[in-house]
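Accompanying notes for the structure given below.
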Amino acid sequence: MYSGVAVLFKTSKVTVKRVIEVEMGRCMVLDVLLNGQNLRLINVYGPQTLKARRDLFNRIKPFLFTARPIIFGGDFNTVTRPMDRGGAAGRLGYDSIYLNSIVSQAGLEDVHIRHFPDRTGFTFYRGTCRSRIDRFFVKQDFIVSPPEVTAVEFSDHCMVSVSLNVSESPQWGRGLWRLNSALLGEECVNQSFREFFQAQESLLDLCNTKAEWWEMVKKRAAGLFRGLANKIQIDKDRAYQSLRRKLDRLVSDGAQGGEVARVRALMKEYQYDRYSSLVLERDYGKHHSPDPYQNCREVFSRKSIHGLQNEAGVLETSVPGILRVVKNYYAELLKGQGLSRASMSSFLEETPILQDENISFDELECEIGVEEVRKAIEGLGLKKSPGPDGLTAEFYKQFVDVLAPRLTEVFNSTLEEGLLPPSMRHSALILLTKGLDQSKVENWRPIALLNTDRKILAKVMFNRLFPFAERLLSPSQHCTVKGRSTFSAVLGIREVLERCRICEWGKYLLTLDQSKAFDRVNHEYLWLLLDRYGLPGKFVNWLKILYKGAESFPLVNGWSGESFGVSSGVRQGCPLSPLLYVFAIDPLIRRIECDALAGVPLSPGRALKVSAYADDVTVVVSSGEEAETVARVLRDYSRASGSLINQNKCKTFWMGKGDPAFDLPDVFPVAQPKIKILGIELAMAIMPSKFGRASWKPHLFW
């Protein structure tokens, strides 16, 4: 027990894994295993002054972002709502506002407000003063009973108690190891890896291939970093305990306050240094991170799966059952469809494409250079989840000078041999909910956690192909094309709507939704299409190698499932995927454009018929015959590419006065009074400025 705060356990079925003093006597953090469930317990005793409370909350904040269920409670010495203060409500202080902000960002909610949103529930009484300053925060999907407030004779605070149902919360596994990127700031780690890598280079001639050597180096590097992390943590633990003993002696001997304050400051520095990996969620549980999502600010319920329905509609809630549902669903979805090659060829041959003999594709076929690899590494995003090998983008950036030359050799050797190394073909499949029925696996969005070296190779290919997108793709496609964006797509549609309103034209907007668009891209169709667009066979073969022999395994709530083959789709999580997808859908856009659709004239000789941003396709139709034409093109495209139009999510919108002047085919739904395109809500009536701002505000930083 520490002065001011304590956590007591009645049961012996608890294992304390870690104790952290955020501030002695004011806040402590415990990571425990209780009845088989990992929990983080945070007990706080808020200081008396507003500034001190704000500072304490700021120091607690990093510990709130974790995959573990959190119970954050105590005497906060401040309210979170004006109504929780007796008498004159007044305004909230900036400490209260800050507390509300950090718990919201971490996906936590006040247990009292969850159960009694309109009740005060005062917990503190002194004279005529009363307030609710004692509370519990938990994650939004964590099951907890309504709080009970009990007056006691020994304090002016009431006792606040809640009951937990740990067994009903999802169990989290160990997850995947990931390099603690904070280690890379240690000079000893930097030097150790450079010496290690130099030693590994001498073994290159002993391996059969450069790919085999690289696989060996990655495994050994992971072991090196684990060992260094343990050693550094042990050294810091020893230093901290030494300071703790010194502080005890100083207090016992009645030492001067200045020396006591100096030792406490050193302890505080070591405390944060020791647990920086925990704070940053990089080294959870020493070696593993069960939370594969880098953005810990997302609401926890978006990541946590409680149960999934199997093929028979039975809800599976056990870990093996959930993993089996995910594996079976995606193994079937990604196994590839046996489509008719004749249908593919016929559809593509009838698709008008750009004929430009001045385009030279020579640079696509060149051997990969060191500068290309260096540029790809420099372009990697930071704080992104790595693949199963655990090596982060920060690692490649830190050692780019020694890694880029060797990676270049590995990439060129691999492309020549025709098969990626095993680790580059392997990925973890994680799921993010779309906000619909979470018991159905199809309502979760799959993300492939690819190893970073595979991402680097894909980025090299992207950088080569990207400059040609503007000349090869339809002008109606606004995704991954230089000079185009979501803004240009939405503004074009907005202009169409305004023209129809002013000129009193009657036309339909059709928004087409494709089910599992990225996952259903047929590989054979994609390779035929790229050949049809004139890309060199050598470059197309390199793209094939990126997808050849790919495997994935489900990673759910930190638990890993069985691997399955991936024979279709472009991987969501791969830098190259958006560009490959817009090539895959381009024939659909071109076929719609070239058919006899009137569109809406925007300038002399130019009419907008279709607008697309990746798989978000919007079509303007002026008659029932045009709508039939669009439906026919969709059927032809589906047969050739394996895509599937989701009729339940397609939308229609009438741009004209009164009721629609013509009917649509049954494949399209009834027109709506307003329509949302790329997150922007549009309507024929001029929207109030407040409504318009609310619609656009979330997208102002695209």
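Rounded to the nearest 20 debye, the dipole size of the chain about its Cα centre is 2260 debye, using +1 on the Cβ of Lys and Arg and -1 on the Cβ of Asp and Glu. Dimensions of region 528-610 along the principal axes, based on C-alpha atoms and rounded to the nearest Å, stand at 58, 36, 19, largest first.
So, R0 is 41 Å and r is the distance between the beta-carbons of Leu8 and Val402; what FRET efficiency does that work out to, to 0.05? Please list the in-between numbers first.
Working: r = 52 Å, r/R0 = 1.26.
That gives a FRET efficiency of 0.20.
In this calculation the C-beta distance from Asn230 to Leu644 is compared with R0 = 51 Å, giving a FRET efficiency of 0.55. Were the residues from Asn541 through Asp118 laid out at 0.36 nm apart, the gain over their Cα-Cα distance would be 145.9 nm.
Return the tail of the calculated pair distribution for region 136-198, meaning the percent of Cα-Cα pairs more than 17 Å apart.
68
If you wrap the Cα atoms of the chain in a convex hull and average its projected area over all directions, you get 37.9 nm². Taking other C-beta atoms within 10 Å as the exposure proxy, Ile305, Ile447 rank Ile447, Ile305 from fewest upward. If you take all other residues with their beta carbon under 11 Å from the beta carbon of Ser611, and give Lys and Arg +1 and Asp and Glu -1, the sum is 0.
Net charge within 12 Å of Arg85 by Cβ-Cβ distance, Lys/Arg positive one each and Asp/Glu negative one each, not counting Arg85 itself? Intermediate results must be reported in sequence, preceding the final value.
Details: positive: Arg81, Arg91, Arg130, Arg132; negative: Asp84.
Taking every Cβ under 12 Å from that of Arg85, the sum is +3.
The ratio of the alpha-carbon radius of gyration of region 14-161 to the globular-protein estimate 2.2 N^0.38 Å is 1.02. What is region 30-159's relative contact order, in percent, from Cα pairs under 8 angstrom and six or more apart in sequence? Relative CO of region 30-159 lands at 24 percent. Helical content of the chain, expressed as a calculated mean residue ellipticity at 222 nm, amounts to -12500 deg cm²/dmol (DSSP H runs of 4 or more residues, -39,500 (n - 2.57) each, divided by residue number, nearest 500).
Using 0.36 nm per residue and subtracting the Cα-Cα separation, the extra length available between Ala596 and Val152 on full extension is 151.7 nm.
Between Ser515 and Leu315, the C-beta separation translates, for a Förster distance of 25 Å, into a calculated FRET efficiency of about 0.65. As a rough footprinting exposure proxy, the listed residues Val152, Val111, Val14, Val619 were ranked by other beta carbons within 10 Å of their own, and the order from fewest upward is Val152, Val14, Val111, Val619. Among Asp110, Asp84, Asp235, the order by Cβ neighbours within 10 angstrom, fewest to most, reads Asp235, Asp110, Asp84.
For Cys574, what is the net charge nearby, where nearby means another residue's Cβ is under 10 Å from its Cβ and Lys, Arg count +1, Asp, Glu -1?
Working: positive: Arg454, Lys455, Lys459, Arg571; negative: none.
Around Cys574, the surrounding residues sum to +4.
None of the figures in this text is laboratory data; all of them are computed from the coordinates on show. Please read all numbers here as calculations on a predicted model, not as lab measurements. FYI the Cβ positions are ideal-geometry reconstructions off the backbone, even for glycines, and counts take in every protein chain you see.
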